[in-house]
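Trainee: First the structure, then my questions, so here it is.
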Amino acid sequence: MARPQSPDYDKRREAMVRAAAHLFARRGFQGASVADLAEACQTSKSLVYHYFPSKEDILYEVMAAHLEALVDAADDVMRTGDARERLHALALAFMRLYEGAQDSHKVLLNELDNLPPARRDEVVRKQRRIIAVVESLLQEIRPDAAPRALPLTMLFFGMINWTHTWFRSGGAMSAEALADMAVDVMLNGLERAEVS
């Protein structure tokens, strides 16, 4: 007979994912063990394995949960406003998500190669979906930029994706102000960019 699911199953699982994100962000995937995770969660290795069949499954869940939040934000933003407004709303939504998920974001950016190929492909598909949203917005803002839309898109992500390395909540600049600045730099630069 299968072991019954505990009433707080989802809550415990989410706590393990948060703890894993913190460990993997600090020590790297290879530098953190399931025993380390169990210790951080004040539980046993066997209980960790009850929730996740393997360490790679934990890594995937850290990435997938973060990406799902980003995909949901992108989908929400694309429903209203003109392209400029949507780009601004997207930058703001992403910065707000990055602000509360710096560990997960760092793991997503640094640990992809530690996933098994099928899981890595799932993560990459979700990343490409997010990239495609920004690329379509930039093409809508400046249709003649279509041949350079992907490099411009990656420049946009370059401005915001690495903020986890230096941005601190409660510092001199808010997430909102940083999103405004990134969009202003992108759009003002886009107006002047050579795209031919």
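The values are calculated or read from the model by the stated rules, or taken from the named source; none is laboratory data. Computed from a predicted structure; not experimentally measured. Methodologically, a virtual Cβ is constructed for each residue, glycine included, from the backbone with ideal geometry; neighbour enumeration extends over all protein chains shown. When the accessible area is computed, the model is the full protein with side chains, heavy atoms only, and any ligands, DNA or RNA have been set aside. Shrake-Rupley method; radii C 1.70, N 1.55, O 1.52, S 1.80 Å.
Trainee: Along each of the three principal axes of the Cα atoms of region 4-83, give the extent in whole Å, ordering the values from largest to smallest.
Mentor: Between the extreme Cα coordinates on each principal axis of region 4-83 lie 51, 33, 18 Å.
Trainee: Would you please report the Å³ per residue occupied by the convex hull of the alpha carbon atoms in region 59-196?
Mentor: On the way: hull volume 14.7 nm³, N = 138.
Considering the Cα atoms of region 59-196, their hull volume per residue is 107 Å³.
Trainee: List the longest stretch of the chain that has no exposed loop site; here a site is one of the trypsin sites (Lys or Arg not before Pro) assigned by DSSP to anything other than H, G, I, E or B, with at most 16 other Cβ within 10 Å. Working shown, then result.
Mentor: Numbers: sites that count: Arg79, Arg168.
Answer - 80-167.
Trainee: If you don't mind, there's one more thing I want to ask. So how tilted is helix 175-192 from the main axis of the chain? Cα-based, degrees 0 to 90, rounded to 10.
Mentor: 40
Trainee: Something else now. About the Cα centre of the chain, what is the dipole size in debye to 20, counting +1 per Lys and Arg Cβ and -1 per Asp and Glu Cβ, all else neutral?
Mentor: Details: 24 positive and 28 negative charges, 107 e Å.
The dipole magnitude comes to about 520 debye.
Trainee: Further question on the same structure: Can you give me the relative contact order of the chain as a percent, contacts being Cα pairs under 8 Å and 6 or more apart? Before the final figure, lay out each step's value.
Mentor: Values: 162 pairs, mean separation 45.0, N = 196.
Contact order relative to length: 23 percent.
Trainee: For region 89-154, count all C-alpha to C-alpha pairs, find those more than 21 Å apart, and express that count as a whole percent of the total.
Mentor: Working: 808 of 2145 pairs.
When every Cα pair of region 89-154 is considered, 38 percent fall beyond 21 Å.
Trainee: Another one. Let's test the formula: R0 of 41 Å, r as the Cβ-Cβ distance of Met181 and Arg26. What FRET efficiency results, to the nearest 0.05?
Mentor: Details: r = 28 Å, r/R0 = 0.69.
The value I calculate is 0.90.
Trainee: Using a 1.4 angstrom probe on heavy atoms only, work out the carbon and sulfur share of the accessible area of region 10-87 in %. Don't skip to the answer; put the middle values down first.
Mentor: Numbers: 1760 of 3920 Å².
Of all accessible area on region 10-87, carbon and sulfur atoms account for 45 percent.
Trainee: Here's another thing I want to ask about it. Can you work out the Karplus-derived ³J(HN,Hα) for every residue in region 79-90? Use 6.51 cos²θ - 1.76 cosθ + 1.60 with θ = phi - 60°, whole Hz, and x for glycine or proline.
Mentor: 7, 9, x, 7, 4, 5, 5, 5, 4, 5, 4, 5
Trainee: Here's something else I'd like to know. If the label point is 7 Å along Cα→Cβ of Met173, which residues in region 146-163 have backbone nitrogen under 12 Å from it?
Mentor: Output list for this probe position: 159-163.
Trainee: First compute the accessible area of region 114-178 with a 1.4 Å probe, then give the percent of it belonging to carbon and sulfur atoms.
Mentor: 58
Trainee: Under a crude label model (7 Å from the Cα following the beta-carbon direction), how far is His50 from Thr165 in nanometres?
Mentor: 4.1
Trainee: Could you tell me which of Phe52, Leu152, Leu67 has its Cα farthest along the dipole of the chain towards the positive end, charges placed at Cβ (Lys, Arg +1; Asp, Glu -1), taken about the Cα centre?
Mentor: Phe52
Trainee: Please give the net charge around Ile160, taking every other residue with its beta carbon less than 12 angstrom from that of Ile160, where Lys and Arg add +1 and Asp and Glu add -1. Walk me through the intermediate numbers first.
Mentor: On the way: positive: Arg96; negative: Glu99, Asp180.
My count for the surroundings of Ile160 gives -1.
Trainee: I would also like to ask the following. Which lysines does Lys106 reach when only Cα atoms under 22 Å apart count, and residues fewer than 8 places away in its own chain are ignored?
Mentor: Straight-line reach from Lys106, under 22 Å: Lys55, Lys126.
Trainee: Continuing with the same structure: With a probe of 1.4 Å, find how much accessible area the chain has per residue, and write the answer as a whole number in Å².
Mentor: Details: 10610 Å² over 196 residues.
For the chain, the solvent-accessible area averages 54 Å² per residue.
Trainee: Report the charge-dipole magnitude of region 48-92 in Debye, nearest 20, computed about the Cα centre from +1 at each Lys and Arg Cβ and -1 at each Asp and Glu Cβ.
Mentor: Numbers: 4 positive and 9 negative charges, 27 e Å.
So the dipole magnitude of region 48-92 works out to roughly 120 debye.
Trainee: Could you quote the convex hull projected area for region 1-136, Cα atoms only and averaged over all directions, in nm²?
Mentor: For region 1-136, averaging the hull's shadow over all directions gives 9.7 nm².
Trainee: Which three extents, in angstrom, do the Cα atoms of region 63-124 have along their principal axes, listed largest first?
Mentor: For region 63-124, the Cα spread along each principal axis is 39, 23, 15 Å.
Trainee: Between Val124 and Met154, with labels modelled 7 Å along Cα→Cβ, what's the label distance in nm to one decimal, could you check?
Mentor: 1.4
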